[in-house]
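Values in this text are rule-based calculations from the coordinates and carry no lab data. Please read these numbers as outputs of a predicted model, since none were measured by experiment. So basically every Cβ, Gly included, is an ideal-geometry build from the backbone, and we count neighbours across all protein chains shown.
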2 protein chains.
Amino acid sequence: MAELPSKSKGFIDWYLAVVEAANLTDKRYGVKGMNVWTPYGFLARRALDAVMVREIEATGSQPVEFPTLIPQTEFQKEKEHIKGFDAQVYWVTRGGATELDVPLVLRPTSETAMYPIFQLWIRSHRDLPLNVYQIVNTFRYETKTTRPFLRVREIHFFEEHTCQVNEAAATARVASNLGAFRRMADALALPYVAIRRPDWDKFPGAFYSVALDIPVGEARTLQIGSIHHYRENFSRPYGIEFETADGGKSLVHQTTFGLSERLLGAVVAVHGDDRGVVFPPAVAPYQVVIVPIGGKGANAPVESAQSLATLLRERGIRTHVDVSEDRPGAKYYHWELAGVPVRLELGPREAEAGTATAVDRLGRKSVIGPAELGAAVERTLDEFRGALYEKALAEFRSAFETARHLDDLKATTKVRALSWCGQESCGHQIEQAIDGALLGTPEEEFPFASGDPGPCIACGSSSGTRWALAGRPL
Amino acid sequence: MAELPSKSKGFIDWYLAVVEAANLTDKRYGVKGMNVWTPYGFLARRALDAVMVREIEATGSQPVEFPTLIPQTEFQKEKEHIKGFDAQVYWVTRGGATELDVPLVLRPTSETAMYPIFQLWIRSHRDLPLNVYQIVNTFRYETKTTRPFLRVREIHFFEEHTCQVNEAAATARVASNLGAFRRMADALALPYVAIRRPDWDKFPGAFYSVALDIPVGEARTLQIGSIHHYRENFSRPYGIEFETADGGKSLVHQTTFGLSERLLGAVVAVHGDDRGVVFPPAVAPYQVVIVPIGGKGANAPVESAQSLATLLRERGIRTHVDVSEDRPGAKYYHWELAGVPVRLELGPREAEAGTATAVDRLGRKSVIGPAELGAAVERTLDEFRGALYEKALAEFRSAFETARHLDDLKATTKVRALSWCGQESCGHQIEQAIDGALLGTPEEEFPFASGDPGPCIACGSSSGTRWALAGRPL
């Protein structure tokens, strides 16, 4: 197998090589940017979905599924929204040999599919809040270079849509989503920063947008999710109104929360190293791989491995026993490349003693058992997740630096925290200086954005300044 | 709420009314035949998917997901197949403002998406068998009247595709699929018959097709799934060949296994009654609904209900506590309509004694507890599934009758078992007589098709006769 390029020498080359070598996706499908989910990649995606479902349902959201196709007539009801998406939607124009009377859009997102139905579902304040989500595929006719999981034309997408009784309740839902994402990111051991985007970079049709960003080196950032407050921007054109407690009529205030397979790309990007993918246990296709060593035939290690696997599976641990004919060294190499959190080595001596040697993907070795093998494996997985988070957090912290002058932004290798007065013209000066984007202002407490920001880095004004971040979105 | 029409007086009217009243789907979406999965319907679908995943993975199949869009060039490689689908596919012809060079088909099924990739995945006999499945949505530009779950334009679809080393291995995979479906249908308490379709009614491109059919009254039948043996019909045009153990080249033999949301329609159709839906526990959105009765405020029944719910959820039982302000009678009516398998009534006396009154959806009442409440509820659910199956089986049996003369087929209200010589001309005579279809020959042991079938019901020949079934496919 060819060696992987070094992550530090070139992120994108490394990323593409590692995704392919670990067989997470197959890019050879006949439509560029539409990739095949291999069995191994699909298992990671399924585990990721389970994390999202668990956390969003814990906040009272209910699953739904709306159709993939949206009639042109509904799609074009909200003007800003359609302007934002018009250039990148796929159109279905024909059914069999028949030209369709109304062309259909393959959903790029589902506002325009859902809201005509929300208008039917919501009658009274007693129907609120309406918190629903779906996990579906969305489609974008992407003209930029596509990258597995990061920029694709068929996107595995999580989208929550909510209707609230007023603006304050919608703002509270944004906060609830931020809490749910905090717990999802914890499971993935992913440090991130929630940033309120500047007005010129918000979601088409939104009142404001909060993006969830991670740094990926060289001042680059990756948006891995977003939460939007729509106020009445959509409820007005779609007529989503309700009877208030005192018999009046009021429009709902709406929010959305979007995540995608990009989270899987982020897991690869953040945790991966020069030996391959590194999966946090929550999304690992196999959390544990057992490698029995030595003694062909009806030997103890293979049998012990199988019964240990059964024991672990009963505890809900995704476990694989590698009984292939490769040498142990080749197996270790393969499962490290594939990012398995914990490998259990089981030789004749361990089999006899009822122990196993555990090696986690950070290379930390321990002997576990003979008592409470299952609990010991769980503990090893937990500790691995913790160590992975600490490592990622250290790298996260070193990716930021404060900037005091526009010159600091030029050729920077760090995402920069800076003072911004809020004026769009200053924002664009900052963007020019860093050759990237003013990402916006941190929405939650953030270590590089505390205390007095000082005067605006662009115009020097001290009025209305706040901490902002600037970087180069991937 | 309007009363439901009677099931016995008109199946389709009853079916449409019950699906709507139970709020399993919303048909008011802007594209006919593309319906909205409501939260309640989605939970049933999720439970159904879990049954399919459990049983197919137990037979060694791995999950994958292939793109939704198929290039026209790949779609048209297998001639019979394209003939079968050409009139009913949706075409994507435009991306943004650009006409696509190669139009894309929204998959009606995934042979033509998967097989070019299988051709890359399979190199050697060691890569076989390849058993993969996906649960995705498929699309058909349906011109007949659409019906929720039964005939829709966006279909929630399960499809397994396998590649085997030779014809015998493919035949064995068909048998394995029949076993997996047996276990799925058991979970749904659905009696069915596996029927090998006559040649003129097989899947486009198949060597042979086995359909899974259920009777739905008045000699009507509903196909709820199918298993196909493709031999080399697809591997030849797609070039899926492998190196054999002795260094030669050989084409794979392929099979597929297809199921869909129609299974949910079948559950409604078979188990439902004049009071509404009846869910077998495996697919019930809520398996148990607890109704606390009496004593407003900080009263014992509501608290007991909540802690009983926690206890049941810990056992994996999907449980809902109805704390709405409706009267108990209204709640009973609602949850019977919605098909909840077991209702637990909890008044002050029960709360104090630690017991509950269980009423299953067949109306059978019992008092459970105070000891082992969780186990008692599980037992009640199991017994309910058994009783539901017995009831369904009795109806299933009464839906069939042997026919000895073509005249027996005219205006029959039963699906007919009859002798058929295998000739297509006789088949068509039978179809004309019953004003329906020759469904084919039972693939497994079947009570109405045992012993000597006697002479062909159409031509009177005794040569090559076998038992066949004829009915009126819905």
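Normalised by the number of residues in chain B, what is the relative contact order in percent for Cα pairs under 8 Å and 6+ residues apart?
Worked out over chain B, it gives 14 percent.
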Practice prompt. May I ask you to list the lysines whose Cα is less than 28 Å away from that of B:Lys7, ignoring any residue fewer than eight positions away on the same chain?
Written response: B:Lys27, B:Lys32, B:Lys144, B:Lys331, B:Lys365, B:Lys391, B:Lys410, B:Lys414
Item to complete: Would you compute, for the Cα atoms of the stretch A:24-98, the largest minus smallest coordinate along each principal axis and list the three values in descending order, in whole Å?
Response: 39, 38, 26
Discussion item. Starting from the Kirkwood Rh over alpha-carbon pairs, what translational D in µm² s⁻¹ does chain B have by Stokes-Einstein at 20 °C and 1.002 mPa s?
Written reply: 88 µm²/s
Worksheet item: If you average the sequence gap of Cα pairs under 8 Å that are 6 or more apart and divide by the length of the stretch A:400-473, what percent do you get for the contact order?
Response: 42 percent
Discussion item. Using the alpha carbons of the stretch A:292-447, what is the convex hull volume per residue in cubic angstrom, as a whole number?
Written reply: 158 Å³
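Volume per residue, Å³, of the convex hull around the alpha-carbon atoms of the stretch A:49-186?
With only Cα atoms used, the stretch A:49-186 gives 146 Å³ per residue.
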Worksheet entry | Exam field: B:Leu406 pseudo-label spacings to other copies (7 Å along Cα-Cβ), nanometres | 9.3
Fill in: Burial ordering of B:Leu393, B:Leu222, B:Leu190, fewest other beta-carbon atoms within 10 Å first
B:Leu393, B:Leu222, B:Leu190
Discussion item. Looking at the stretch B:11-271, I'd like the Rg to Rh ratio, where Rg is from alpha-carbon atoms and Rh is Kirkwood's inverse mean 1/r.
Written reply: 0.97
Item to complete: Relative to the compact-globule scaling 2.2 N^0.38 Å, provide the ratio for the alpha-carbon radius of gyration of the stretch B:374-474.
Response: 1.37
Practice prompt. Measure nothing but the geometry: give the 0 to 90° angle between the long axis through the Cα atoms of A:262-271 and the longest principal axis through the Cα atoms of chain A, rounded to 10°.
Written response: 50 degrees
Fill in: Cα gyration tensor of the stretch B:286-380 - equivalent ellipsoid semi-axes, whole Å, descending
17, 17, 12
Fill in: Largest to smallest principal axis extent of the C-alpha atoms in the stretch B:167-273, angstrom
60, 29, 20
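One-quarter of the Cα convex hull surface for the protein assembly as shown, in nm²?
One quarter of the hull surface, i.e. the mean projection, equals 43.5 nm².
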Worksheet, complete the sentence: Measuring from the longest principal axis of the C-alpha atoms of chain A, the long axis of helix A:300-314 (C-alpha) lies at a number of degrees, nearest 10, equal to 30 degrees
Practice prompt. Under 18 Å Cα to Cα from A:Lys249, which aspartates and glutamates show up? Leave out anything in the same chain fewer than 8 places away.
Written response: A:Asp127, A:Glu167, A:Glu232, A:Glu241
Worksheet item: Given only helices, namely DSSP H runs of n ≥ 4 each adding -39500 (n - 2.57), what is the per-residue ellipticity at 222 nm of chain A, to the nearest 500 deg cm²/dmol?
Response: -10000 deg cm²/dmol
